[in-house]
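The values are calculated or read from the model by the stated rules, or taken from the named source; none is laboratory data. Note that the coordinates shown come from a computational prediction; the quantities given were computed from them, not determined experimentally. Glycine gets a Cβ as well: all are built from the backbone with ideal geometry, and neighbour counts include every protein chain shown. What goes into the accessible areas is simple: the full protein's heavy atoms, side chains included, and nothing from ligands, DNA or RNA. Shrake-Rupley method; radii C 1.70, N 1.55, O 1.52, S 1.80 Å.
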Amino acid sequence: MKKFEKLASRVVPLPIENIDTDQIIPARFLKATTREGFGNNLFRDWRFDSNEQPKADFVMNNPTYQGKILVAGKNFGCGSSREHAAWAIQDYGFDVVVSSFFADIFKGNALNNGVLPITVPEEFLEKIFAQVFANPATALAIDLEAQTIRIEETGDEFIFEINPYKKSCLINGYDDIDYILSQREAIENFEENR
Amino acid sequence: MGKTLVEKIWDAHVVKSQEGFPDILYIDTHLIHEVTSPQAFDGLRKRGLPVFRPQQTIATADHNVPTLDQHLPIKEELSRYQVDMLTKNCKEFGVELYGLGHPYQGIVHVIGPELGITQPGKTMVCGDSHTSTHGAFGAIAFGIGTSQVEQVFATQCLLQQKPKTMKIEVNGELGKGVGAKDIILYIISKISAAGGTGYFVEYAGSAIRSLSMEGRMTICNMSIEMGARGGLIAPDQTTFDYVKGREFAPAGEEWDKALAYWQTLYSDEDAQFDSVLTFDAADIQPMITYGTNPGMGIGITQEIPTTSSQPENEQPSFQKALDYMGFHDGEAVLGKPVDYVFIGSCTNSRIEDLRQVAAFVQGKKKADNVEVWIVPGSKQVEAQAKLEGIDKVFEAAGFMLREPGCSACLGMNEDKIPAGKYCVSTSNRNFEGRQGPNARTMLVSPLTAAAAAVTGRIVDVRELV
């Protein structure tokens, strides 16, 4: 898994609540049997019309907004457990998703792929949106070790929470399977003694 | 202090609990399907690992299979390749597969219970968010991502934080024409599509107790639609009667032993839940969704809420949802015309659902403006429906009885609702484009769907039963 330590980047703002994984990657694109290439279809039906033409009013088609950080409304990633959503976000080029609330399964899937989901308070999220819409060149600085997210232009900073185990996985590029395989003996003991 | 049902089952499956780490949770049964498993099998190959406990793993093909002419090769190339890949992977790794053509094939959350694989007290996972369905039996069951599918393949365990617990009680008697689907749509409309996030929900109360196993599965199935990872119901005589005698259920002495354990599976009187909610069954009417997430539901006689009644920062999303659906602030849904009716999915495709629909449409015909698709949950459901003559009732009504699969619930195969069309659906998600690009979904119970099928409109089924 890719390591994550620090990132400073401009952002793509998506101030919509309850973005489900069917929007992130519609089911008809789940037929692939590898993990690659899902980025082309990220937010497919919001990005492109039925004639495959980019929709000019969608933020990802607006060159004013770009960067490695996606900022979205609350309850991001709800719905289907498809990990393809995390793969699509990563494949498109996002390393971080910021929201005021994440759906459980998406959050786990993102972490398992080295994409950092950062939960911030509603007011902080509103500040990011306001700042980015006022000045699209606004950047966010993220430091995983210190668990901080800062709006560079205003200096507003928030200390976010992350499970310490998951934090160390991201910083070191380890995944769960590496850890859990090391516990094989405990698993076999459990099976014998139940 | 006593334990909740979730805690009892969880604690019985913890392999290791270490400060600063998630628990290592042992998984009794791993269900897999063609869409979320290929990358996990690939991961095993790259690591040079076998499936650790293949006999605790069951596979079926459901998400991406056609629901017509299943005896023929799959026409669409990518779908055929994906289904073939499952067959190849199961063979290589020694996993039992109930694939196309097998008498046990069907939607993964329909076949587990009907085969007796789903049992009280178990831990069960699947790369599908509706795995919560199996909680109806008093099991801890939840959906996982593909990296976690690989984890369970490799170790039969998952790293998991112990969830918070919520109890949702529904007391009293349900009115005529109101069923399990209405209960769960009602609950979600009250607590929102995110109201259960971080929790495992235990459903309790007299209205829940009075439900059949099929009804309980419908309730637990949609736990994820309020964000809850899982939902469960303490097992009782209804549960034991359902499980007994099924193919993979324990028998003889094993049954007695299992039953003695299952009878200990309930939340203790003094158990503490992190949250408790109570609802009155008498307040629930047939429900319908008007928006683009399952929390956007109303009683069928109610009006669509106004945008201005929503929190200010959520108004743009609310307006976007109404625009997508072609609806307006404060309108009634009653009387609106319908283009498609879909009766199927892991929420409502079991034999009881089909029986209920058949009993209602017996002697009636579908309205001319509606196309009706009935997709049974499994080959066994399909066979039973034929045995009971239900297929003939549907045929006479002009309904199309298709073959088992997830079908138009997610529109991954060719069963898609055309752009702009309204589909009254017994499935679980009304997200934008869920049933096909720009398709408009309204979630309802099987009975309300049947009423829409014969009238061609949204109607209050209570006036017809």
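The table for this structure:
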| quantity | calculated |
| --- | --- |
| Considering residues of the stretch A:89-117 that are under 8 Å from the mean Cα position of the chain (by Cα) and away from chain B (no Cβ under 14 Å) only, the residue most open to solvent (accessible area, probe 1.4 Å) | A:95 |
| First in the stretch A:174-194 and free of Cβ contacts under 8 Å to residues at least 60 places away in the same chain, second anywhere and open to solvent by 40 Å² or more (accessible area, probe 1.4 Å) and among the basic types (Lys, Arg), Cβ under 8 Å, 6 or more apart | A:177/B:47; A:183/B:16; A:186/B:16 |
| In the stretch B:263-287, residue nearest to the chain's Cα centre (by Cα) [restricted to those that are open to solvent by less than 10 Å² (accessible area, probe 1.4 Å) and farther than 13 Å from residue B:190 by Cα] | B:286 |
| Matching residues in the stretch B:300-323 - criterion: being without any contact (Cβ under 8 Å) to a residue 60 or more places away in the chain and farther than 26 Å from residue A:23 by Cα | B:302, B:303 |
| Extreme residue, farthest from the chain's Cα centre (by Cα), among residues of the stretch B:228-239 that are open to solvent by 10 Å² or more (accessible area, probe 1.4 Å) and modelled with pLDDT of 95 or more | B:237 |
| Search result, residues across the stretch B:357-411 that are in contact with a helix residue (DSSP H, G or I) (Cβ under 7 Å, 6 or more places away or on another chain) and within 14 Å of chain A (Cβ to nearest Cβ) | B:410, B:411 |
| Helices (runs of 4 or more DSSP H) wholly inside the stretch B:31-135 that include at least 2 residues being open to solvent by 10 Å² or more (accessible area, probe 1.4 Å) and within 12 Å of chain A (Cβ to nearest Cβ) | B:38-47, B:77-93 |
| Residue B:455 within 23 Å of residue B:322 (Cβ to Cβ) and touching a residue at least 60 places away in the same chain (Cβ under 8 Å) | no |
| Any chance residue B:6 is at the interface with chain A (Cβ under 8 Å from one of its Cβ atoms), more than 30 Å from residue B:408 (Cβ to Cβ) and not in a loop (DSSP other than H, G, I, E, B) | no |
| Selection from the stretch B:204-226 of residues that are under 13 Å from the mean Cα position of the chain (by Cα), within 16 Å of residue B:352 (Cα to Cα) and open to solvent by 10 Å² or more (accessible area, probe 1.4 Å) | B:214 |
| Residue in the stretch B:168-186 that is of a type outside the set (A, V, I, L, M) and modelled with pLDDT under 95 present | no |
| Residue list for the stretch A:46-78, filter: in a loop (DSSP other than H, G, I, E, B) and open to solvent by less than 10 Å² (accessible area, probe 1.4 Å) | A:73, A:75, A:77 |
| Residue list for the stretch B:400-416, restricted to those being under 20 Å from residue A:82 (Cβ atoms) and touching a residue at least 40 places away in the same chain (Cβ under 8 Å) | B:405, B:406, B:407, B:408, B:409, B:410, B:412, B:413, B:414, B:415 |
| Elements of type helices (runs of 4 or more DSSP H) contained in the stretch B:196-294, each with 1 or more residues being within 14 Å of chain A (Cβ to nearest Cβ) | B:213-221, B:252-262 |
| Number of positions in the stretch A:168-194 that are open to solvent by 30 Å² or more (accessible area, probe 1.4 Å) and within 19 Å of residue A:3 (Cα to Cα) | 7 |
| Per-region count, the stretch B:139-195, residues farther than 30 Å from residue B:448 by Cβ and more than 14 Å from chain A (Cβ to nearest Cβ) | 2 |
| Close pairs (8 angstrom Cβ cut-off, 6 or more residues apart or separate chains): in contact (Cβ under 8 Å) with a residue 12 or more places away in the chain and open to solvent by less than 50 Å² (accessible area, probe 1.4 Å) in the stretch B:161-172, part of a loop (DSSP other than H, G, I, E, B) and among the charged types (D, E, K, R) anywhere | B:163/B:229; B:165/B:274; B:166/B:274 |
